[in-house]
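To start, the structure itself, in structure tokens.
The values are calculated or read from the model by the stated rules, or taken from the named source; none is laboratory data. These figures come from a predicted structure and were not determined experimentally. Cβ placement follows ideal geometry from the backbone for every residue including glycine, while neighbour counts extend to all protein chains displayed.
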């Protein structure tokens, strides 16, 4: 049963990815991205890590997609722009992506992966690891968020003087 | 320990942001010097910190270079708003952790802190060029980080842990059969691609001239020096600890990468009208030289590379200080026409820095190149050294063009170049550094040699 | 559900994202495809961490960190998008090429 489910989620993820890339209208792109994120969350669940799948739903599908939709609507980008250039650049992009995928997947298949040893990861495990030897990265990530906030606000502040 | 100083330093400054500008500048400068002194005092202490960092004398040397670059940048960007200084300090913190980290998790986070801080610095302007530079740099830097994350993920699938030494010690990995090496090579190429962006090595150097043109010259200087220094710093850890055994694999790959980077950087700079873009191309060329030293991979060549990086930081930031004083928007070459007549002081400095960048004898640039090439020669790579010398000659030509402009022609635009005390200080530091190390490089050389002892 | 399947799926998604970044001109769409690539690397890590059982926790922790990185990236990316829209009132990537090539 999980086999079928996994294939189903994989298919959904690929469809979502393609809509993000190919759809001229960014709004539908965002919808595709949402589909992609949710299907990945489903796959996490199948891969024995419910913590991540729930996080994925909350953070990605909940937060980031809303961000995108907000900006898309804010800049009223609904009208599909003459967006795709089938020039040389397009061909190179396609070629690069295809080569990348082929080499990657082939590398994977011939590598003697050892067995599939399912370990059920719970929030406790991640938390425990995070606060023991992963502590430094935890603090560093808080600092990363600080930089993100300061930058975003600083950029917006540039326009505050105008209104005054 | 220096890292924790960095953290305290940045958080304190964050509180101060709301104050007037010059206090913030002063404070950030003070913090940088304090961190510098602390780093210098503890240079021979090495050990394990926080489980993810490995503090070695070599990473201390990189710290000092980063702090030097940041201090000079703060001086150039004196009149910037508070946030700018905060971002500079945040980038310094990111760079310091980046140089020391031997664990992918801490590396990725430090890299992101560093890149986002720089993106913030570029984006803080209102003119279109600056915004465009920020956008381009943002897309490419995030793309590079994504490549590195993917590379790390694939390595994780081989080794089962993100800790570098484990990857090195595990004998499960032998380059014997193609079947288990293709995945490793693929992951390795991915990570190299990401780092290639930071060093603006050949296949990833397209962003450099545009970002240098768009960004404020202090930010451009910062990218040229500190970003390269921290990228090389991490490369040392990555290549020597994680993949130390396969020196054959990445050795000559880096050599060829360096050779190609040099020639592309130099040729592109030949036809350049805009001095900032020219400096951008020159950073590509210099990255090529240092890549050569890394490709050789002996202790001596790494020491020479560190030595060269220190001098390179002094030269480039000095040159950017002059560019800044001439004028942010006057970066086209014909503004430099007849500079000698309008403001002689800047011209004299410009000549010194450009001469040193070209590597002409009396200046430190020559000493740097000399030691770098002699270390490569010792390793028997004569072909590459000859190639590098040819590139040196080419670079001498385009470095000298602004000098001719300044000395020879009649001034088109008569303007009084700004000269604030901070800017003056930067130029003096650069000047003293370039001349001192040019004439008496032995002091710094011993330091770099001692640092590379492990 | 061998890890090879999961990681190869991640690689394919990564390739699609890469294609999106190179091919599209709209800055928002580029941001979305970057997000896609980051997410696919997350998937690869989770897929790989299943192979190592107890040790796999490291992978999950890194995935958590990448989530944070992605969140900050979107925040700054969209700030730049708005910034760009206000100063140059367009979100096209190529149309913004005043910097002389």
Worksheet item: Quick check: anything in region A:90-100 modelled with pLDDT under 70, in contact with a helix residue (DSSP H, G or I) (Cβ under 8 Å, 6 or more places away or on another chain), within 9 Å of chain C (Cβ to nearest Cβ) and farther than 23 Å from residue C:31 by Cβ?
Response: no
Worksheet item: What is the residue count in region B:134-145 for residues that are within 12 Å of chain A (Cβ to nearest Cβ) and free of Cβ contacts under 8 Å to residues at least 40 places away in the same chain?
Response: 2
Worksheet item: Of the residues B:233, B:196, B:251, which is surrounded by fewer than 23 Cβ atoms within 10 Å (Cβ to Cβ) and at pLDDT 70 or above?
Response: B:196
Worksheet item: Here is a list of conditions, (1) touching a residue at least 12 places away in the same chain (Cβ under 8 Å); (2) over 14 Å from residue C:20 (Cβ atoms); (3) surrounded by fewer than 20 Cβ atoms within 10 Å (Cβ to Cβ), and residue A:19 meets all of them except one; can you say which number that is?
Response: (2)
Discussion item. So, residue C:47, is that one more than 21 Å from residue A:20 (Cα to Cα) and buried (at least 24 other Cβ atoms within 10 Å of the Cβ) or not?
Written reply: yes
Practice prompt. Hey, can you tell me all the residues within region B:105-133 that are touching a strand residue (DSSP E or B) at 6+ places or on another chain (Cβ under 8 Å) and either in a strand (DSSP E or B) or facing another protein chain (nearest Cβ under 7 Å) (or both)?
Written response: B:106, B:110
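More than 15 Å from residue C:6 (Cα to Cα), at pLDDT below 75 and within 9 Å of chain A (Cβ to nearest Cβ), is that true of residue C:57?
Spelling it out, residue C:57 is indeed more than 15 Å from residue C:6 (Cα to Cα), at pLDDT below 75 and within 9 Å of chain A (Cβ to nearest Cβ).
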